[in-house]
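Visitor: Before anything else, here's the structure in question.
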Amino acid sequence: MAVDSDILLAYWQEQRIQARHSEEQRATLTNLILIISAATLGFLSQWGWTLRSLALTIPLVFLGLYGAIASAKLYERNLYHYEQAMAFSRLLSEATGVVDHEELLREVRRGFSANHPVMYWLRLYMLWIALHAMIALLGLVLSVVLVVTHTR
């Protein structure tokens with residue numbers, strides 16, 4: 001049975017669009033969390049170091065944790081669609097007679113990793129998760145400092 005390469009290409013494009021959409025959602029979520037975190041720190045500076053400030057710092061912990069978990073999930077969705085797109089790439093290469101496209105990609109990756117050895121192994125999704133984890137850690141540290149300074 002002959003496979004229509006236009007149909008495969010449409011499937012490939014849809015998977016790439018879905019992968020990109022997951023990354024756009026992660027970027028939007030991160031921007032929103034950064035804005036809320038900055039506003040929270042602004043309110044904290046206005047309210048001062050009182051126990052009522054825990055109403056700001058404790059939610060910051062949960063906001064950061066939510067961001068880290070959501071970033072990890074959105075990365076997983078991106079990877080899911082990426083892997084599907086790669087499967088369609090293999091089918092496209094077979095349908096169009098392009099041979100060894102996998103070897104071509106391996107060659108490009110080897111060259112890229114040789115030119116950028118540290119950055120190649122540093123995964124972007126880990127940086128996004130770390131950013132959100134630092135927000136959670138900041139909320140936790142501020143909460144502990146507030147409790148410790150007001151229970152003496």
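Visitor: Around GLN13, with a cut-off of 11 angstrom between Cβ atoms, what is the net charge of the other residues, counting Lys and Arg +1 and Asp and Glu -1?
Guide: Value of the local net charge: 0.
Visitor: In which sequence would TRP49, TRP128, TRP121 go, from the one with the fewest C-beta neighbours within 10 Å to the one with the most?
Guide: Ascending Cβ contact count within 10 Å gives the list TRP121, TRP49, TRP128.
Visitor: Sticking with this one: So what is the calculated 222 nm ellipticity per residue for the chain, using -39500 (n - 2.57) for each DSSP H run with n of 4 or more, over all residues, to the nearest 500 deg cm²/dmol?
Guide: The helix contribution divided over the chain gives -31000 deg cm²/dmol.
Visitor: Connecting C-alpha atoms closer than 10 Å in a GNM of the chain, tell me which of SER113, SER22, SER71 has the biggest fluctuation.
Guide: Among SER113, SER22, SER71, the largest GNM mean-square fluctuation belongs to SER113.
Visitor: So what is the relative contact order for the chain, in percent, with contacts set as C-alpha pairs under 8 Å and at least six apart?
Guide: Computed over the chain, the figure is 42 percent.
Visitor: How much length is gained on full extension from GLN13 to ALA39, taking 0.36 nm per residue of separation minus their Cα-Cα distance?
Guide: 5.5 nm
Visitor: Looking at the chain as a GNM with Cα springs under 10 Å, which of LEU104, LEU41, LEU74 has the largest mean-square fluctuation?
Guide: LEU104
Visitor: Just HIS21, HIS101, HIS132 to compare: in a GNM of the chain, with alpha carbon springs under 10 Å, which one fluctuates most?
Guide: HIS101
Visitor: Something else: So, with +1 on the Cβ of K and R and -1 on the Cβ of D and E, and no other charges, what is the size of the charge dipole of the chain about its Cα centre, to the nearest 20 debye?
Guide: Dipole of the chain, to the nearest 20 debye: 980 debye.
Visitor: Hey, quick one: spin label on VAL99, modelled 7 Å out along Cα-Cβ, who in the range 1-37 has an amide N within reach, i.e. under 17 Å?
Guide: none
Visitor: Along the positive direction of the dipole of the chain (beta-carbon charges: Lys, Arg +1; Asp, Glu -1; about the Cα centre), which of TYR11, SER71, ILE33 reaches farthest?
Guide: ILE33
Visitor: Sticking with this structure for a sec: For the chain, return all DSSP H helices satisfying: extent of Cα atoms along own axis at least 30 Å; mean Kyte-Doolittle hydropathy at least 1.0.
Guide: Helices meeting the criterion: 124-150.
Visitor: Say a paramagnetic label sat at a point 7 Å from the Cα of LEU124, along Cα to Cβ; which residues of the range 23-58 have their backbone N under 12 Å from it?
Guide: Within reach of a label on LEU124: 23-27.
We did not get these values from a lab; they are worked out from the coordinates using the rules stated. Owing to the predicted nature of the structure, the values given are computational and were not obtained by experimental measurement. Here the Cβ is made from the backbone with ideal geometry for all residues, glycine too, and neighbour counts use every protein chain on show.
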